[in-house]
Amino acid sequence: MKTAFPFPTSMVTDILTWTRTRILGGQDPKHGAQSNAVLEPILGGSITPDGIGAEAAFGLFTDTIVPSTRPFGHPTSLSFVASAPSQASLSFDAALGAAGIFAGNWDGGAGAIHAENQALDWLAELAGWDAQAGGVFVAGGTLGNLCALHAARDWKSRRCARPDRWAILCSAEAHSSIEAAASVMDVDVIPVAADATGRMNAQAARDAWQPNVFAIVANAGATNSGAVDDIQGLADLAEARDLWLHLDGAYGLAAIADPETRPIFDGIDRAHSLIVDPHKWLFAPYDSCALIYRNAADAANAHGQSAVYLDTVDKTHWNPSDYALHLTRRARGLPFWYSLATHGTQAYGDAIATTISIARDIAQGIERIEGLDLLLGPQLSVVLFRPSHMSEDAMVRWAEEHRRSGALLCLPTKWRGEMVFRLCIVNPETDAKTVLETLKTLT
């Protein structure tokens, strides 16, 4: 039978061979973003009426597209919150794409959804939640926060009269996605000043509270500093004022898998919702955010959709479309599930503990290097420091030089109005000695 899209069998083999090599060999740390002026002469015009052919198109991918991306999965990539996907999760992600699973509802993706829910259940159990808990994997922390806050507003609206303007209470160190979610929802944000370590305490939140607040967002590992807010105290405030407590743990909440670090998150069992991104510190590929509600029914009340074309959907089983702002979705939680099922929860806890230990070793090493000032940390696995006698322009030039050489991706950020360097370790293969040798070139 003639196909609309003929494709050489040899190219299937070539693509799978490249994929295997990439998974086993890892990323090239010298890769990095190129300007549009560099990319346009090569990639421009690749879409044509007759097509350029499979081999030419794949050549653009391997020779131009991939080398023009930052290698966030490499052990020397320590800026932003990088990724460190296991070979198991990368391998399975390739298989998942080929499987073509629709996982928006039980009818389309029963097996996949059941498996995803095993991974969600593990996270919920770590939080101390019972069988009423549940959720869904969405594309990233921004969407996860938006969906949780939409559920929070719906929950609060069922319990009291609506004010003229709703508001969210959060730390001044909250992730930018909270402001973005508030903009989409057309609600106000009441920022609470954080302490010297970037932590929001309950008394400051209590002083900032206003009657139109429907939710508190607590940092469970702030992106810029690693700070974990006073979850227990904020839970007290939430209960006293009948507020929804949401934990933004996109980066840091993975640390609940390490028994020694778990007490930092005391009070998590009293939160109403949380997010954590497996593509950050749970060794999964992009893009995946675990959004979990302590009482999943509260989310279904807010997110469940109805339409005549959905009447045939099986409502007696778990439908991911009921727990976030989506209908169509891929089973993006499966690579995380596969790696977790393959290696076991103990291996995950050990790997996270290892990264925290690496962060401590790097922080201690920075303190020993004359000319470097350790400013903060490690908090979870984030370290902030600054060269004593280097201008901001020189810091930027140093960062770019070492990014391009592949030695280290360590970019500046701002802390208390000052340009500083920030390291965030999420890869258990990061070598502290190698990092410190590179940092010595700052002095």
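The values are calculated or read from the model by the stated rules, or taken from the named source; none is laboratory data. All of these numbers come straight from a predicted model, not from anything done at the bench. Note that each Cβ is placed from the backbone with ideal geometry, even for glycine, and that neighbours are counted across all protein chains shown. When the accessible area is computed, the model is the full protein with side chains, heavy atoms only, and any ligands, DNA or RNA have been set aside. Shrake-Rupley method; radii C 1.70, N 1.55, O 1.52, S 1.80 Å.
Add +1 for every Lys or Arg and -1 for every Asp or Glu among the other residues with Cβ under 14 Å from the Cβ of Leu149, and state the total.
-4
Just name one of Ala351, Ala271, Tyr323: the one whose Cα is farthest towards the positive end of the charge dipole of the range 253-358 (beta-carbon charges, Lys/Arg +1, Asp/Glu -1).
Tyr323
Tell me the accessible surface of Glu173 in square angstrom (1.4 angstrom probe, heavy atoms of protein chains only), to the nearest ten.
Rounded to the nearest 10, the figure is 50 Å².
Considering only the other residues whose Cβ falls under 12 Å of the Cβ of Ile264, what net charge follows from Lys and Arg at +1 and Asp and Glu at -1?
-3
Once each part is reduced to its C-alpha centroid, what is the distance from the range 190-211 to the range 221-273 in angstrom?
Using only Cα atoms, the two centres lie 14 Å from each other.
How would Cys410, Cys160 rank on accessible area, largest to smallest, probe 1.4 Å?
Cys160, Cys410
P(r) tail for the range 11-53, what percent of Cα pairs lie past 17 Å?
Distances greater than 17 Å cover 61 percent of the Cα pairs.
So for the chain: antiparallel DSSP bridges make up what percent, rounded to the nearest 5?
Details: 23 of 41 bridges.
Counting only bridges with both partners in the chain, antiparallel ones make up about 55 percent.
Hey, what D do you get for the chain in µm²/s if you plug the Kirkwood alpha-carbon radius into Stokes-Einstein at 20 °C and 1.002 mPa s?
92
Please list the equivalent ellipsoid semi-axes of the range 74-206, computed as the square roots of five times the alpha-carbon gyration tensor eigenvalues, in descending order and whole angstrom.
32, 23, 15
Considering every pair of different Cα atoms, what Kirkwood radius, in Å, is found for the range 1-118?
About 17.4 Å, per the Kirkwood formula over Cα pairs.
In Å, the Kirkwood hydrodynamic radius of the range 24-80 over pairs of distinct alpha carbons?
That comes to 12.9 Å for the range 24-80.
Kindly count the pairs of lysines across the chain whose alpha carbons are less than 22 Å apart, treating pairs on different chains or eight or more residues apart as eligible.
Working: Lys30/Lys280; Lys30/Lys433; Lys30/Lys440; Lys280/Lys414; Lys414/Lys440.
Lysine pairs meeting both conditions in the chain amount to 5.
Dipole magnitude of the range 139-249 about its Cα centre, charges +1 at Lys/Arg Cβ and -1 at Asp/Glu Cβ only, in debye to the nearest 20?
The calculation lands at about 340 debye.
Compute the signed sum of charges (Lys and Arg +1, Asp and Glu -1) over the other residues within less than 13 Å, Cβ to Cβ, of Trp18.
Net charge around Trp18: -1.
Once Rh is set to the Kirkwood radius over Cα pairs, what Stokes-Einstein translational diffusion coefficient, in µm²/s, holds for the range 202-296 at a temperature of 20 °C and a viscosity of 1.002 mPa s? Please list the in-between numbers first.
Details: Rh = 13.7 Å.
Translational D for this selection: 157 µm²/s.
Find which of Ser157, Thr76, Ala95 sits farthest along the positive direction of the dipole of the range 39-176, computed with +1 on the beta-carbon of Lys and Arg, -1 on that of Asp and Glu, about the Cα centre.
Ser157
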